[in-house]
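Data first, discussion second: the structure below is written as C-alpha cells.
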Ligand code: FES
C-alpha cells in the first residue's frame, strides 16, 4: 500500500483482464477510473502496480487501495465507510 493513496471506493470492481497482457493498475486512487494508471500518481510517491494474469477472466480489483494482495481485493475495503471515500488510506 502507498501511504499517500486515497480511497477511490469502498467496494471492489469487477474488471476483465486478458491473460498474458501487461497492465498497470492504479495504486494511488487518483486515476480517472480508479482501476488503470493514467499518470495521476505523479503528485504522490505512489507507483502503479504492474500485473500480468494467466487467465482471461473477471478479477475483483481493489478500489480502496489498501489490499494486502493488491491489485486484487482481499476484503480490506470493509474497514472503510462511505465517508472515508476520497480520504487517505488507513495505515497498518
Ligand atoms: S494514476 Fe494511480 S498509480 Fe498511476
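Of note:
- Mean Cα-pair separation over length for the range 26-72, i.e. relative contact order, pairs under 8 Å, 6 or more apart, %: 36 percent
- Label zone at residue 11, where the point sits 7 Å out along the Cα-to-Cβ direction: the range 65-90 residues whose backbone N lies under 13 Å: 78, 82
- Cα centroid of the range 1-54 to Cα centroid of the range 78-92, whole Å: 16 Å
- Ordered by the number of other Cβ atoms lying within 10 Å of each residue's own Cβ, fewest first, 57, 30 fall into the sequence 57, 30.
- Two-decimal Rg to Rh for the chain - Kirkwood Rh, Cα set: 0.95
- Selected from 78, 66, 31 as most flexible by GNM, with the chain as the system and alpha-carbon contacts under 10 Å: 78
- Global geometry of the range 39-81, whether rounded, prolate or oblate, following the gyration tensor of its Cα atoms and the 1.5 cut on a/c: oblate
- Fluctuation leader among 19, 29, 39 - the chain, Gaussian network, Cα springs under 10 angstrom: 19
- Order of 6, 61 - criterion: other Cβ atoms within 10 Å of each residue's Cβ, fewest first: 6, 61
All of the numbers you see were taken from the coordinates with simple rules; none came from a lab. All values derive from a computational prediction rather than experimental measurement. In this analysis, Cβ positions are derived from the backbone assuming ideal geometry, glycine residues included, and neighbour counts consider all displayed protein chains.
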